[in-house]
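Presented below is the structure to which this report refers.
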Amino acid sequence: MKKIILLLSFLTLGTLGLFAKDYLFIFSSDKSVNAIDRADIDSIKFTSNQTVLSIYKDNEVIASYPLSKIDSLTFGSIDVNEVMIIYSESGIVITNPFANKGINISVNGDDVTVNSKLSNISVDYILSGTTSSGSLKLYSIYKYQLTLNGVNMTNNDGPAINLQSSKMCTLVLSEGTTNILADGATYASSSEDQKATLFSEGQIIFIGDGTLNISSISKHAIASDDYISLKGGNINVSSAGKDAIHVNDYFTMSDGILQLTPSGDGIDSEGYIDISGGSITFTSSVANVKAISADSTINVCGGIINLTLKGNAAKGLKGKQDMTLSGGTFTINTSGAAILEASGSGYDPSYCTAIKCNHSIYINGGTFTITATGTGGKGISADNNIEITNGSITISTSGGGAIYTNTSGKTDAYNATCLTSDGNIVIIDGTIALSSSGAGGKGVSSDGIFTLGSSSTSPTLSITTTGSEISLGNTSYSSPKALKADGDIKFVGGTTLISSADDGIKSETNVYVNGGNIVVSKSYEAIEAPFIYINGGITDITATNDAINATKGLVSGGTEQNDGSCLYVTGGILIASCTNGDAIDSNGDILITGGLTIANGPSNGIEEAVDFNGIFNMNGGIFIGAGSNSNMTKPMSNSSTQPNMFISSSSLISSSTFLNIQINSTDVITFKPKYGGYKFLISSPDMTKGASYKIYTGGSYSTSINTGGYYTGGTYTPGNLKKSGTLSLSSTVNTINL
């Protein structure tokens with residue numbers, strides 16, 4: 001009776017003045033607060049023998065409350081679109097202004113269930129407080145906002161937050177707050193999805209400047225059966241039994257911070273991924289995980305991505321469809337090793353790879369720093385094509401390789417590679433620096449065509465390999481090549497700098513140099529292919545075996561059989577130098593119609609400046625070759641159309657001594673052999689049949705341009721006249737002994 005009198009007094013006072021406020025708040029003993037809009041109240045009555053407080057509108061009861069559960073009543077104003085839920089260990093306080101307008105909230109212990117039937121109002125549900133055994137489950141037929149305003153929630157038998165609404169949730173992380181969500185090891189059985197600590201059937205858009213620390217023992221940390229868009233906030237996933245973030249539709253990120261250390265993938269999308277800003281940090285030691293993975297496309301045009309993968313066969317970025325990377329800063333460190341997976345009659349290696357795509361990769365910008373230290377580690381790998389139009393890419397691999405039995409049952413080897421493609425590789429522009437120090441490690445490996453540069457761009461490609469061969473007995477299975485392609489290799493423009501422990505540039509078909517600058521400062525064989533075309537640019541290459549090796553790989557060393565291969569020089573500058581092998585070696589023919597070609601062979605031994613099994617036709621351009629006193633050295637072929645000289649010196653012309661040739665008293669060739677020489681092959685368009693010649697050694701040259709030992713633009717002061725005479729009138733080949 002006392003409570004009734006007090007309530008009557010309160011309601012009387014409310015009628016006199018306090019009722020001018022917008023809402024009637026009913027505080028219940030279960031800590032819930034119901035807010036009823038003043039406009040919805042016609043009258044308040046006691047019913048059921050004065051044990052129930054009933055609120056009427058239009059002569060109908062819109063709400064009833066047992067008096068025994070009412071703590072107090074008050075009038076006040078609130079934001080009409082906010083529902084507040086405050087957790088505490090002593091109970092839950094709920095403020096619900098829509099209690100009689102379509103939002104029903106029930107409480108079971110510390111578990112709160114919200115069911116909204118509102119169809120035209122976007123309500124903001126604000127969570128705060130702490131619970132060690134609570135949760136929020138929400139149903140809504142209309143889009144809504146969920147604000148985490150300093151909530152610390154652990155649910156031991158299910159998701160901390162389970163959004164069973166297919167509508168869009170704008171999840172706000174309030175500025176200055178730290179919010180914590182955690183789940184338990186075992187979820188209670190349910191007919192509804194509960195895939196994560198924070199789960200939604202609908203879309204989630206993260207905004208705000210607050211922090212969310214989230215963990216999951218056996219499930220995903222954050223999951224949506226629709227899409228997730230991150231536009232703000234600092235989200236830390238300290239642990240997850242599965243993925244840190246998992247989406248069925250797609251994932252986008254334009255701002256915010258993600259720090260992820262799950263047992264599964266970092267971001268796993270069954271659709272596409274689009275990243276334009278923000279920061280992502282991922283760390284994992286688990287095998288086969290993927291930091292950022294999409295079943296569809298991956299597009300990155302901004303942001304900061306830092307990935308550390310220590311697990312075997314782990315992947316940094318992994319896309320099943322095309323991947324476009326046009327901006328942002330990528331730092332990816334991998335240390336996991338390859339895993340041999342049983343397949344066919346043997347095994348198929350799965351590699352730890354920084355960036356892996358099942359289709360094509362397009363890099364249009366951005367800065368990439370990739371370090372791979374594990375066995376067989378890969379930098380960037382595509383099952384189809386790789387196209388780079390801009391950007392700065394630095395890739396270093398140091399892991400070795402290994403011998404294994406492949407799927408066909410044959411002995412094979414795998415190795416680390418910086419840039420690898422099952423299709424074509426095209427580098428239009430940008431700066432690319434690749435280094436591989438492990439056994440058999442490669443800089444670039446393409447199963448298709450490799451192209452560098454264009455007529456209007458100038459990329460820079462630097463490749464260094466320092467590893468050893470992978471061999472078994474006397475059989476080599478993998479060599480540390482710098483640039484390898486099964487198809488054509490085409491240089492159109494740009495700068496290529498190579499230092500290789502084995503081959504510098506190797507194609508199974510053709511190598512075309514149409515432009516650009518190529519420098520191979522160290523190699524076993526600098527350029528190798530069945531057909532090599534030097535049409536332009538500047539090619540300056542050094543090797544210990546053959547600088548140029550035109551071969552189909554059908555002829556064993558030391559034989560003179562013509563295998564049909566050929567070196568063509570139509571323009572540009574070719575400087576080929578070799579210390580122990582041939583400067584130019586063709587198991588077929590050599591055809592020169594233009595350009596400047598300089599062949600610096602060794603000064604001793606049986607190797608030569610030029611070795612050919614077919615014919616050597618000199619039909620245009622300038623050619624200078626210097627080599628040893630080998631009896632195997634041959635002159636150019638009689639079928640040449642441009643006169644040429646085959647000069648043999650009884651004494652070494654050293655690397656510091658000029659060899660000067662004058663035709664009709666005009667300087668035509670002034671040359672210093674890089675390693676010295678005894679035998680020289682020389683031809684120039686200025687040589688004509690019947691012309692007089694003089695050959696000098698020594699002397700000096702002033703104000704000159706030195707192109708691989710070929711001096712131009714200055715004045716030669718003669719040294720010792722070694723020979724003079726007249727070029728043949730009948731033959732283009734002139735054999736001259738000094």
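The numbers here are math on the coordinates, done by the rules we state, and not lab data. In this text the structure is predicted, and so the values were computed from the model without any measurement. Counting neighbours? That spans all protein chains shown, and the Cβs are built from the backbone with ideal geometry, glycine included.
Points to keep in mind about this one:
- Taking 640, 28 and counting other C-beta atoms within 10 Å, the order from fewest to most: 28, 640
- The range 524-738, relative contact order [Cα under 8 Å, separation at least 6], %: 15 percent
- C-alpha long axis of helix 2-16 to longest principal axis of the chain, angle in °: 70 degrees
- Per-residue ellipticity at 222 nm, computed for the chain from helices alone with -39500 (n - 2.57) per DSSP H run of at least four residues, works out to -500 deg cm²/dmol.
- Packing, as the average of other Cβ atoms within 10 Å across residues, places the peptides 409-421, 120-132, 300-312 in the order 409-421, 300-312, 120-132, highest first.
- Equivalent ellipsoid dimensions for the range 194-260 as semi-axes, Å, which come from the Cα gyration tensor, largest first: 17, 15, 9
- Net charge over other residues, Cβ less than 11 angstrom from the Cβ of residue 185 (K, R count +1; D, E count -1): -1
- Euclidean distance between Cα centres, the range 582-598 to the range 357-378, Å: 37 Å
- Kirkwood estimate for the chain, i.e. one over the average of 1/r between Cα atoms, Å: 31.0 Å
- Gained length - residue 650 relative to residue 191, 0.36 nm times residue gap less alpha-carbon distance: 155.6 nm
- With distances taken between every two different alpha-carbon atoms, the range 405-557 has a Kirkwood hydrodynamic radius of 15.4 Å.
- Panel order for 645, 632, by other beta carbons found within 10 Å of each beta carbon, from fewest to most: 632, 645.
- For 705, 105, 235, order by how many other beta-carbon atoms lie within 10 Å, fewest first: 705, 105, 235
- Virtual spin-label span in nm between residue 632 and residue 56, 7 Å along Cα→Cβ: 11.7 nm
- Placing unit charges on each Cβ (+1 for Lys and Arg, -1 for Asp and Glu) gives the chain a dipole about its Cα centre, and among 93, 159, 610 the Cα reaching farthest toward its positive end belongs to 610.
- For residue 439, the shell of other residues with beta-carbons less than 12 Å away shows a net charge of -1, using +1 for Lys and Arg and -1 for Asp and Glu.
- Overall dimensions of the range 610-696 as given by Cα atoms, namely Rg and Dmax in Å: 12.7, 36
- Ordering of 338-347, 276-285 by burial proxy (mean other Cβ atoms within 10 Å per residue, highest first): 276-285, 338-347
- On full extension, the segment bounded by residue 238 and residue 342 gains 34.0 nm, given 0.36 nm per residue less the C-alpha separation.
- Separation between Cα centres of the range 228-301 and the range 647-678, rounded to whole Å: 66 Å
- Model label sites at residue 304 and residue 554, defined 7 Å from Cα along the beta-carbon direction, differ in position by 5.8 nm.
- The packing ranking, built from the mean of other Cβ atoms within 10 Å per residue, places the peptides 564-577, 680-693 in the order 564-577, 680-693, highest first.
- Modelled spin labels at residue 286 and residue 715, positioned 7 Å past Cα toward Cβ, are 7.9 nm from each other.
- Rounded FRET efficiency, nearest 0.05, which uses the C-beta distance separating residue 217 from residue 561 and R0 of 56 Å: 0.20
- With K and R counted +1 and D and E -1, the other residues having a Cβ less than 10 Å from that of residue 135 yield a net charge of -3.
- Residue pairs, from the table 490/679; 290/378; 552/672, whose Cα atoms sit over 23 Å apart: 490/679; 552/672
- The chain: relative contact order as a whole-number percent, Cα under 8 Å and 6+ apart: 4 percent
- Take every DSSP beta bridge whose two residues both sit in the range 547-695; close to 45 percent of them are antiparallel.
- The gain in end-to-end length when the residue 47 to residue 641 segment is fully stretched comes to 201.8 nm, 0.36 nm per residue minus the alpha carbon separation.
- Listed residues 702, 497, 206: farthest to the positive end of the dipole of the chain (Cβ charges): 702
- For the range 146-221: relative contact order, % (alpha-carbon pairs under 8 angstrom, 6 or more apart): 40 percent
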